[in-house]
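A.B. asks: Have a look at this one before I ask anything.
The values are calculated or read from the model by the stated rules, or taken from the named source; none is laboratory data. Note that the coordinates shown come from a computational prediction; the quantities given were computed from them, not determined experimentally. A quick note on method: Cβ atoms are made from the backbone with ideal geometry, for glycine too, and the neighbour counts reach across all protein chains shown. Just so you know, the surface numbers come from the protein's heavy atoms only, side chains and all, with ligands and any DNA or RNA stripped out. Shrake-Rupley method; radii C 1.70, N 1.55, O 1.52, S 1.80 Å.
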Amino acid sequence: MSAIKLTVNGKAVSAEIEDRTLLVHLLRDHLNLTGTHVGCDTSQCGACVVHIDGRAVKSCTVLAGQAAGSSVTTIEGIAKGDELHPMQAAFRDNHGLQCGFCTPGMIMSAIDIVHRHGGKLDEETVRHELEGNICRCTGYHNIVKSVLDAAGRMKMSRAAE
Amino acid sequence: MGVEGIGARVVRKEDRRFTTGRGRYVDDIKILGMTYAHFIRTPHAHAKVKSIDSSAAMQMPGVVAVLTGKQIVDDKVGNLICVWAITSKDGTPMKMGAWPAMAPETVRFVGQAVAVVIGETKNQARDAAEAVVVDYEELPVVADVKAAIAPGAPQLHPEAPGNIIYDWHIGDQAAADGAFKSAANIVSMDVINNRLVPNAMEPRAAVADYDTAEDHYTLYTTSQNPHVARLVLSAFYNIAPEHKLRVIAPDVGGGFGSKIYIYPEEMVSLWASKKVGRPVKWTGDRSEAFLTDAHGRDHLTHADMAFDKDNRIIGLRVKTHANLGAYMSLFSSSVPTYLYATLLPGQYNIPAIYAEVIAVYTNTTPVDAYRGAGRPEASYLLERMMETAARQLKVDPAELRRKNFITQFPHQTPVIMAYDIGDFGASLDSAMKAIDYAGFPTRKAKAKSEGKLRGIGVSCYIEACGIAPSKAVGSLGAGVGLWESAEVRVNPVGTIEILTGSHSHGQGHETTFCQLVAERLGVPISQVQIVHGDADKVQFGMGTYGSRSAAVGLTAILKAMEKVETKAKKIAAHQLEASESDIVIENGEFKATGTDKSIALPMVALAAYTAHNLPDGMEPGLKEGAFYDPTNFTFPAGTYICELEVDPSTGKTSFVNFVAADDFGRLINPMIVEGQVHGGLAQGIGQALLEHAVFDANGQPVTASFMDYAMPRADDLPSFKLSHTTTLCPGNPLGVKGCGEAGAIGSSAAVINAITDAIGNNKLEMPATPDRVWHAIHG
């Protein structure tokens, strides 16, 4: 067992965990942040994507101990109060989700894609960069639309700030 | 149409919780004192369980219990059942072997559970499972359907000699043979419909909680039909009587058929919860999903089609071997029979059909309904045959289809179904226009000049949704009725709760069902709440599968709404001192026509509950229920056309365009309907190009993770062009047909037809991987 400290969604947290605990299990089982999901055993599906120090990471491939001292953002931490993050709003407005299970990971990956490419995104790039996230419901059609829409919204939102 | 009424593209109510991570799926549930189950599963496809030694495991930290198959049988927990009885040609009933929740003696597929460890933590249960020693004696394995019925094959169940479950037929053999005798042309082919794994993104899970004081169980489960789960767990598995078992299916992360069934893990969790006196949680991992979720498809078919001299189809003969795996899952028997062979006419006027289906046991994961369930298999077979026939007869594939379309409705097929309505030509026209079918030869020539092989493939599908009526399916062997129930509760302040037996696991019922209320009463959907998925809240329901939620579930709500409206109008008339027949409902107001008098819905509701001033003899309150049993299936249909290019040097396929023209009747929310089509197309295209569940000769699954089983990703799929033509379904008052499975039913054939058109030969089976396509091109 080890004690670790990190920042999750802007709040300092500490936990006593087994050394083998993965970040996703720290979030779900110890911190009750169940928005981050587990969809596979092999780091293929991306339902567990969170941001560590601003970069998208599959939280099932990271030991919780490796995240010690870092700043982790989960799906629960991106809206500003009642106001959805532009990516969340774009997914809702473009029907970019159905069962909602892959959605948190998809949104966290998508935000990182937009951050890395700025407003310069096209369909081909979005499809290529979403390769690490599997959705079984939407056929990706509306997810791609959502990401492209959000890229514009995020640009505007940054300009406004 | 109001802004939130029927036909409006209303953004989904449920999306706020899903996009913010506040969905509540089964694995998110924690109960004080909860323990964790980890199943011990056989690594052998066929073996005797000689002994299970759990003594070392019991000494390990956190182990609460190790429970075995022998114990569950000794406690008289029932075997798993298949509820649709099929009768073989010779009049004998289907031959079903026993399927215990955990195997006490014999295992018949890799992954079948033999024992379960209950631990204080998930990891402790998993660690201890490593220390349980199971001694197996391996038995001969048969994983291939043709090998399983060959003389001398290993036998799976003593009840099913030769591994044959049933040898069934439908149609008129003499009439079909007669058609072939007089045929001008005959087209014959063998078609494989490959095995798939449904792979909902949320793995199956269960939380079982036995309350000793009340002798009452609660089960949270990833189910598409919690009420049927409760019924089966009570009536057949001896878990608990219905009033002592609450089944809740909260947010469920996709189903696609695989979550219709009651699986061993739910039964074991419930049983174990009583055994250990504590709540038990089991969450499957993805490998367990590959091993134990019911698989889909897996048909081997030979078919012959007879044409007259004018290229009209005069007969169809089909012989299918269906691999049902090692055990018969809940609805498995119905899928390759009544859900498959009855759709073999497709959109065509085929006067004589004869189909035989031989269902076979093999040492593989059980097979049951997966998105479309039997209808994709029928559509794929028929549409590959139509394309092949067009090439053999040297006519345009679209025109051959058009010539044979059914144009008069209602249309009685020779295999049970009575199609109520449709306009197949309209869908074909729409799709051909959208893809510029006429301009294809020019595009093909241009591609050729660039070294690419371009192909176009048409697929005209029909499906039968909203399986019904109960009396009819009962006469065909179904063990359940296929109606739906609803209750509409208007609260004293005028907000509304809709209780439905349908279950939403991605389909957006919380929005579409509210749209009906918005349309009828003019109240915003924010004032309407859908209650579903809880057997303690909703009295009964049949759940969601087979695209039945709108046609059956929503109609049940409409029937209950009509009763509420009738009573509300009586109250309003009394309050306004007007005649009941003069009351109309507009935008949430009850108005007396010809006057300026009106009363708002909340005041009517309040009057119903204060009961101070109601018509004489009227019962207080404003809530009504309805059970709705449809009079017929609904028949969505459409045309899909795929245009693609094949790189002859690599065999890789690239989409140029994919168009889908569907007729779903009235659309409640076009945005949601389109989303359903997109998802179905992805699954059908996934089958055509990528997905394949492979077992080796020893029954070992070769594709048991996302590393090996190729799931379609964003980069594998095109954007889709959709259009809708509409004939209103006459069988229900809303005119709706169902849209959930269409994409998966119609798209596979369009893709394979396009590739075979591109490469100029028919030597191709699904999935058309680059390797297979390359070999088809280069021999």
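A.B. asks: Would it be correct to say that B:Ile685 is crowded, with 24+ Cβ neighbours inside 10 Å and facing another protein chain (nearest Cβ under 10 Å)?
C.D. replies: So B:Ile685 passes the test.
A.B. asks: Return the pairs, sorted by first residue and then second, in which the second residue is hydrophobic (A, V, I, L, M, F, W, C) and assigned to a strand (DSSP E or B), the first residue lies in region B:159-178 and is farther than 18 Å from B:Trp99 by Cβ, the beta carbons are less than 6 Å apart, and the residues are 6+ apart or on different chains.
C.D. replies: B:Asp167/B:Ile358; B:Trp168/B:Val357; B:Ile170/B:Ala355; B:Gly171/B:Ile353; B:Gly171/B:Ala355
A.B. asks: Which one of these does A:His128 not meet: (1) open to solvent by 10 Å² or more (accessible area, probe 1.4 Å); (2) away from chain B (no Cβ under 11 Å)?
C.D. replies: (2)
A.B. asks: Here's another thing I want to ask about it. Could you run through region B:270-285 and say how many residues are small (Gly, Ala, Ser) and closer than 14 Å to B:Asp215 by Cβ?
C.D. replies: Of the residues in region B:270-285, 2 are small (Gly, Ala, Ser) and closer than 14 Å to B:Asp215 by Cβ.
A.B. asks: Against the definition (in a strand (DSSP E or B), buried (at least 24 other Cβ atoms within 10 Å of the Cβ) and in contact (Cβ under 8 Å) with a residue 40 or more places away in the chain), how does B:Ala431 come out, yes or no?
C.D. replies: no
A.B. asks: One residue is enough: does region B:729-744 have a residue meeting the conditions crowded, with 16+ Cβ neighbours inside 10 Å, more than 11 Å from chain A (Cβ to nearest Cβ) and assigned to a helix (DSSP H, G or I)?
C.D. replies: yes
A.B. asks: Which one of these is within 26 Å of B:Pro279 (Cβ to Cβ), away from chain A (no Cβ under 14 Å) and either touching a Lys or Arg at 6+ places or on another chain (Cβ under 9 Å) or surrounded by fewer than 17 Cβ atoms within 10 Å (Cβ to Cβ) (or both): B:Ile52, B:Ile6?
C.D. replies: It is B:Ile52.
A.B. asks: Next question. How about region B:211-233: which of its residues are out of contact with any helix residue (DSSP H, G or I) (no Cβ under 8 Å at 6 or more places or on another chain) and either in a strand (DSSP E or B) or closer than 19 Å to B:Leu499 by Cβ (or both)?
C.D. replies: B:Asp211, B:Thr218, B:Gln224, B:Asn225, B:Pro226, B:His227, B:Val228
A.B. asks: So which pairs qualify, if the first residue must be in region B:369-388 and more than 23 Å from B:Tyr545 (Cβ to Cβ), the second must be open to solvent by 10 Å² or more (accessible area, probe 1.4 Å), the Cβ gap must be under 8 Å, and the two must be at least 6 apart or on different chains?
C.D. replies: Going by the 8 Å Cβ cut-off, the qualifying pairs are B:Arg384/B:Met189; B:Met385/B:Met189; B:Met386/B:Pro397; B:Glu387/B:Pro397; B:Glu387/B:Asp757; B:Thr388/B:Met189; B:Thr388/B:Asn762.
A.B. asks: Here's another thing I want to ask about it. Return yes when B:Phe627 is closer than 30 Å to B:Lys537 by Cα and not in a loop (DSSP other than H, G, I, E, B) and no when it is not.
C.D. replies: The answer is yes for B:Phe627.
A.B. asks: So, in region A:1-27, exactly how many residues are assigned to a helix (DSSP H, G or I) and open to solvent by less than 10 Å² (accessible area, probe 1.4 Å)?
C.D. replies: The total comes to 4.
A.B. asks: In region A:29-72, how many are in a helix (DSSP H, G or I) and either surrounded by 24 or more Cβ atoms within 10 Å (Cβ to Cβ) or under 14 Å from the mean Cα position of the chain (by Cα) (or both)?
C.D. replies: Total meeting the criteria: 1.
A.B. asks: What is the number of the single condition among (1) among the polar types (S, T, N, Q); (2) away from chain B (no Cβ under 11 Å); (3) under 17 Å from A:Ile111 (Cα atoms) that A:Thr74 does not meet?
C.D. replies: In the conditions (1) among the polar types (S, T, N, Q); (2) away from chain B (no Cβ under 11 Å); (3) under 17 Å from A:Ile111 (Cα atoms), A:Thr74 misses (2) alone.
To keep it simple, each residue is scored yes or no on (1) at pLDDT 95 or above; (2) closer than 25 Å to B:His227 by Cβ; (3) surrounded by fewer than 19 Cβ atoms within 10 Å (Cβ to Cβ).
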| residue | (1), (2), (3) |
| --- | --- |
| B:Glu497 | yes, yes, yes |
| B:Leu521 | no, no, no |
| B:Val531 | yes, yes, yes |
| B:Val538 | no, yes, no |
| B:Asn587 | no, no, yes |
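A.B. asks: I'd like the full set of residues that are more than 11 Å from B:Lys48 (Cα to Cα), of a type in the set (S, T, N, Q) and open to solvent by 10 Å² or more (accessible area, probe 1.4 Å), limited to region B:102-121.
C.D. replies: Residue satisfying the conditions is B:Thr121 alone.
A.B. asks: Only residues that are open to solvent by less than 10 Å² (accessible area, probe 1.4 Å), closer than 18 Å to B:Val142 by Cβ and not in a loop (DSSP other than H, G, I, E, B): list them for region B:333-372, please.
C.D. replies: Result: B:Ala359, B:Val360, B:Val367.
A.B. asks: Residues in region A:113-158 that are over 18 Å from the mean Cα position of the chain (by Cα) and more than 22 Å from B:Val673 (Cα to Cα): how many?
C.D. replies: Qualifying residue count, region A:113-158: 12.
A.B. asks: Does region B:254-280 hold any residues that are more than 14 Å from chain A (Cβ to nearest Cβ) and in a loop (DSSP other than H, G, I, E, B), and which are they?
C.D. replies: Result: B:Ile260, B:Tyr261, B:Ile262, B:Tyr263, B:Gly277, B:Arg278, B:Pro279.
A.B. asks: Check B:Glu674 against each of (1) out of contact with any strand residue (DSSP E or B) (no Cβ under 7 Å at 6 or more places or on another chain); (2) free of Cβ contacts under 8 Å to residues at least 60 places away in the same chain; (3) over 30 Å from B:Val107 (Cβ atoms) and name the one condition it does not meet.
C.D. replies: Looking at each condition in turn, B:Glu674 falls short on (1).
A.B. asks: Only one of A:Ile143, A:Ile75, A:Ile107 is touching a Pro at 6+ places or on another chain (Cβ under 7 Å) and crowded, with 24+ Cβ neighbours inside 10 Å; which?
C.D. replies: After ruling out the rest, the residue left standing is A:Ile75.
A.B. asks: Tally the residues that are assigned to a helix (DSSP H, G or I) and of a type outside the set (A, V, I, L, M, F, W, C), restricting the search to region A:90-117.
C.D. replies: Of the residues in region A:90-117, 10 are assigned to a helix (DSSP H, G or I) and of a type outside the set (A, V, I, L, M, F, W, C).
A.B. asks: Right, another one. If a residue must be touching an Asp or Glu at 6+ places or on another chain (Cβ under 7 Å) and closer than 29 Å to B:Ala8 by Cβ, how many such residues does region B:637-656 contain?
C.D. replies: The total comes to 2.
A.B. asks: While we're here: Of the conditions (1) more than 19 Å from B:Gln155 (Cα to Cα); (2) open to solvent by less than 10 Å² (accessible area, probe 1.4 Å), B:Lys89 fails just one. Which one is it?
C.D. replies: (2)
A.B. asks: Tell me, yes or no, whether region B:625-645 has at least one residue that is touching a Phe, Trp or Tyr at 6+ places or on another chain (Cβ under 8 Å), open to solvent by 40 Å² or more (accessible area, probe 1.4 Å) and without any contact (Cβ under 8 Å) to a residue 24 or more places away in the chain.
C.D. replies: No, region B:625-645 contains no residue that is touching a Phe, Trp or Tyr at 6+ places or on another chain (Cβ under 8 Å), open to solvent by 40 Å² or more (accessible area, probe 1.4 Å) and without any contact (Cβ under 8 Å) to a residue 24 or more places away in the chain.
A.B. asks: Which one of these does B:Asp27 not meet: (1) crowded, with 22+ Cβ neighbours inside 10 Å; (2) in a loop (DSSP other than H, G, I, E, B)?
C.D. replies: Only one criterion in (1) crowded, with 22+ Cβ neighbours inside 10 Å; (2) in a loop (DSSP other than H, G, I, E, B) is unmet by B:Asp27, namely (2).
A.B. asks: Checking B:Asn762 against (1) more than 17 Å from B:Ile456 (Cα to Cα); (2) outside any helix (DSSP H, G or I); (3) touching a residue at least 40 places away in the same chain (Cβ under 8 Å); (4) open to solvent by 50 Å² or more (accessible area, probe 1.4 Å), only one condition comes out false. Which one?
C.D. replies: (1)
A.B. asks: Which of (1) closer than 28 Å to B:Ala551 by Cβ; (2) open to solvent by 30 Å² or more (accessible area, probe 1.4 Å); (3) more than 8 Å from chain A (Cβ to nearest Cβ) is the odd one out, the single condition B:Glu674 does not satisfy?
C.D. replies: (3)
A.B. asks: A further question on this structure: Given the residues A:Thr42, A:Thr138, which is the only one that is touching a His at 6+ places or on another chain (Cβ under 8 Å) and either away from chain B (no Cβ under 11 Å) or among the hydroxyl-bearing types (Ser, Thr, Tyr) (or both)?
C.D. replies: One residue alone meets the criteria, A:Thr138.
A.B. asks: Scan region B:164-195 residue by residue and report those that are more than 31 Å from the chain's Cα centre (by Cα) and part of a strand (DSSP E or B).
C.D. replies: Within region B:164-195, B:Asn185, B:Ile186, B:Val187 qualify.
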